[in-house]
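Just below is one structure, and these are the notes that go with it.
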Amino acid sequence: MTSEELKIKLTAFFQTATFGESGEWLNMNIAAANLPATTNILRHDPVLNFDYLFCQTCVDFKTHLTMVYHLTSTGHRLPLVLKVQLDRNNPEIETVSQTWKTAEFHEREIYEMFGVNFLNHPDLRLLILPDGWEGRNPMRKDFEDPINMIKL
Amino acid sequence: MNVDITKYNDSSQNLPSVRRTPDSFGVGRGAFQSSSALAFPGEVHHTPGGGVLVSKLDDVINWARSNSLWPLVFGTSCCAIEMMSTAGAKYDWSRFGFEVARATPRQADVIIIAGTIVNKMAPVLKRLYDQMADPKYVIAMGACATSGGPFFYNTYSVVKGADHVIPVDVYIAGCPPRPEALLHSLITLQEKIKSGMTREQIKTAKPEQRF
């Protein structure tokens, strides 16, 4: 399968998704509500077979948050970037840890760093931040820490 | 102390007081030129029955301590790679008595803070330092350990200098410092130990007394 064939196949599967190729890899933007169904097909379809989530992160665009999933397959080796836009004031999204087990830790980190609430996550608690850390998310652009931070 | 043993072969003369000059130690002009790292702090007097060695016990102790410093295996980021390189065959810090890197603070004499200290690591560093047996020495290697370095501004998690947590004897600039710089700092530490002076004494010492 080539990347063109992959795009044709993805377009057939996900009619509501939009595609972008601004970067090195194929981008697919979907709505948060469609995430569980989308990931289920991406993972379990025998041709798509995206069995490897090699990066999961979040970006703070100040107006909104964007979840980013980097997927690839050990079969066809074609990468796909899945992007989901979230409401910045109430970021909520379904977990993908049932589909890709590795997401369990990634989502814990995104939870503490960006404050994204992952629904149905089996163990959503702080990963790296010390115990007793109260609700502030250091990777948000408007994060302030008057005690520790020295502003340039 | 930089004592030329051959100078005191004539035992008939009075024991001279050895004046420490800035030149007798290599600080500031390349430590490798200094012979003080090898010089034994004492005077040999040849007598018919054999040689007699005259020295001060404190000087001998400091000399012994300075030539067998066991570093703690402690590296928190990329400076540790340079530290490993310094330990390796090419730079080989065992030439100066540092080769016995210990994985436990109980057996270590010097802790080389090789890397960034974050707020979460600070209590661990403090505990390691507290567990080391006296006398113990600290080298802050690189910009992070000295001041927070590239993480000085706009960070919530990095300690702005390891000296907020434990006292530091020698600081090295660099990000990361080259192995030569680490070797220089190790030799500087040896000379500090040989001088037998405390931090306060060094601060109040006249320029010619400084090591």
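Each value in this text was obtained by applying a stated rule to the coordinates, not by laboratory testing. Everything numeric in this text was worked out from a predicted model, so none of it was measured. Neighbour counts run over all protein chains shown; Cβ positions are idealised from the backbone, glycine included.
Using a 10 Å cut-off around each Cβ of peptide B:153-163, what is the average number of partner chain Cβ atoms that fall inside? Kindly include the intermediate steps, with their values, before the conclusion.
Details: counts 4, 6, 5, 9, 7, 2, 1, 2, 0, 0, 0.
Taking all residues of B:153-163 together, the mean is 3.
Looking only at Cα atoms, what is the convex hull volume of the protein assembly as shown per residue, in Å³? If you can, show how the numbers build up before the last one.
Numbers: hull volume 72.5 nm³, N = 363.
With only Cα atoms used, the protein assembly as shown gives 200 Å³ per residue.
Each label point was placed 7 Å from the Cα along the Cα-to-Cβ direction; for residue B:133 and residue A:13 their separation is 6.4 nm. For the range A:47-147, the dipole from Cβ point charges (+1 on Lys and Arg, -1 on Asp and Glu) about the Cα centre works out to 400 debye, to the nearest 20.
For the range A:38-78, the list of trypsin sites (Lys or Arg not before Pro) that fall in a loop by DSSP and count at most 15 other C-beta atoms within 10 angstrom reads A:62, A:77. Electrostatic bookkeeping for residue B:152 treats Lys and Arg as +1 and Asp and Glu as -1; over the other residues with beta carbon under 13 Å from its beta carbon, the sum is +2. Ignoring aspartates and glutamates fewer than eight residues from residue B:136 along the same chain, the ones with Cα atoms less than 14 angstrom from its Cα are B:109, B:169. At an R0 of 41 angstrom, the distance between the Cβ atoms of residue A:31 and residue B:78 translates into a FRET efficiency of 0.50.
Computed from the C-beta positions of residue A:4 and residue A:144 and an R0 of 56 Å, the FRET efficiency is 0.75 to the nearest 0.05. Placing unit charges on the Cβ atoms of the charged side chains and taking the dipole of the range A:1-88 about its Cα centre, the candidate lying farthest along the positive direction among A:85, A:27, A:12 is A:85. Estimated from the Cβ-Cβ distance and a Förster radius of 35 angstrom, the FRET efficiency linking residue A:70 and residue B:173 is about 0.35.
Between the amide H of residue A:52 and those of A:72, A:74, distances stay under 5 Å, these residues lying 5 or more places away or on another chain, with hydrogens modeled in the peptide plane. Residues whose amide H comes within less than 5 Å of that of residue B:138, counting only those at least five positions distant or on another chain, are B:111, B:169, B:170 (H built at 1.01 Å from N in the peptide plane).
Summarised in one figure, the compactness ratio Rg/Rh of the range A:1-98, Cα atoms and Kirkwood Rh, is 0.95. Just so you know, the Rg over Rh for the range A:26-152 is 1.01, from Cα atoms, with Rh as the Kirkwood radius. Computed from label points 7 Å out along Cα-Cβ, the spacing between residue A:134 and residue B:208 is 6.1 nm.
Taking 17 Å as the straight-line reach from the Cα of residue A:141, the lysines in range (excluding those fewer than 8 positions away in the same chain) are A:62, A:151. Here the spin labels are modelled as points 7 Å beyond Cα on the Cα-Cβ line, and at residue B:67 and residue A:61 they lie 6.8 nm apart. Shielding of peptide A:128-138 by partners, expressed as the average count of other chain Cβ atoms within 10 Å per residue Cβ, is 1.
Tally Lys and Arg at +1 and Asp and Glu at -1 over the other residues with C-beta under 13 Å from the C-beta of residue A:59: what net charge comes out? Display every interim value, and only then the final one.
Details: positive: A:62, A:83, A:88, A:140, A:141; negative: A:60.
Every neighbour counted, the sum reads +4.
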